Amino acid sequence: MLSRRSFLSYAGGGAAVLLVARELRAAPTSSADAASARAKAVVYLSPACGCCADWVKHLKQNQFDVEVRTLEDVDPIKRQHKVPERLWACHTAVVDGVVVEGHVPADLITRVLRERPAGVAGLAVAGMPMGSPGMEHGDHKEPYDVLAFSGRGESKVFAKR
């Protein structure tokens with residue numbers, strides 16, 4: 001026979017298990033979803049560029065909270081965030097402290113936010129390769145590299161697409 005104290009202890013533990021299970025069901029399904037769902041992206045773009053709006057849609061579809069800031073000249077933002085000039089593209093974003101230059105896929109932004117690799121200030125896709133997010137026009141897709149760059153201007157391949 002259980003004592004009243006043992007019964008209450010078991011009942012309390014069971015209630016705690018149920019609460020934790022409910023919270024887990026309500027949580028994002030993966031750490032990637034959790035990283036992007038919390039991340040706010042501030043995107044700096046030119047009003048003349050339509051593909052930038054398509055990339056913003058890509059971020060929103062991948063659960064990023066996006067704020068768009070339209071500027072006539074985005075170059076000062078690139079310089080402020082130390083994006084190497086050879087990696088410049090049509091738009092620049094800052095996502096939870098990570099600089100994102102150009103048409104970087106959302107899953108790679110989520111990965112760098114989750115992993116926070118040492119020495120990585122940002123990710124870049126130089127130019128506007130066909131098939132990258134925001135540049136999915138027609139069936140033509142170009143292979144491209146997503147580069148990680150440091151605040152000192154060094155870069156290396158982070159992923160190939």
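Every number in this text was worked out from the coordinates using simple rules, so none of it is lab data. Nothing here was measured: the structure is a model prediction, and the numbers come from that model. Note that each Cβ is placed from the backbone with ideal geometry, even for glycine, and that neighbours are counted across all protein chains shown.
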Next item on the list: Go through Lys40/Lys141; Lys57/Lys78; Lys60/Lys156; Lys82/Lys156 and tell me which ones have a Cα-Cα distance over 23 Å in this structure.
Entry: Lys40/Lys141; Lys60/Lys156
Checklist line | Around Lys40: net Lys/Arg minus Asp/Glu count, Cβ-Cβ under 15 Å | finding: 0
Next item on the list: Quick one: what are the phi-derived ³J(HN,Hα) couplings along segment 102-114, Karplus 6.51/-1.76/1.60 with θ = phi - 60°, whole Hz, x for glycine and proline?
Entry: x, 7, 7, x, 4, 5, 7, 5, 4, 4, 5, 5, 6
Note to self: Residue by residue through segment 149-156, what is 3J(HN,Hα) from phi via Karplus (6.51 cos²θ - 1.76 cosθ + 1.60, θ = phi - 60°)? Round to whole Hz and write x for glycine and proline.
What the structure shows: 10, 9, x, 9, x, 6, 9, 8
Next item on the list: Convert each backbone phi in segment 56-67 into a coupling constant with the Karplus relation 6.51 cos²θ - 1.76 cosθ + 1.60 (shift: θ = phi - 60°), then list the ³J(HN,Hα) values in order as whole Hz, x for Gly and Pro.
Entry: 4, 4, 4, 5, 4, 5, 9, 6, 8, 8, 10, 10
Margin query: Show me the GluC sites (Glu not before Pro) within segment 52-95 that DSSP assigns to loop and that have at most 11 other Cβ atoms within 10 Å of their Cβ.
Written below: Glu72
Note to self: Tell me the net charge near Tyr144. Cut-off is 12 Å between Cβ atoms, Tyr144 excluded, with +1 for each Lys or Arg and -1 for each Asp or Glu.
What the structure shows: +1
Checklist line | Computed magnitude of the charge dipole of segment 39-160 (debye, nearest 20; Cβ of K, R +1, Cβ of D, E -1) | finding: 380 debye
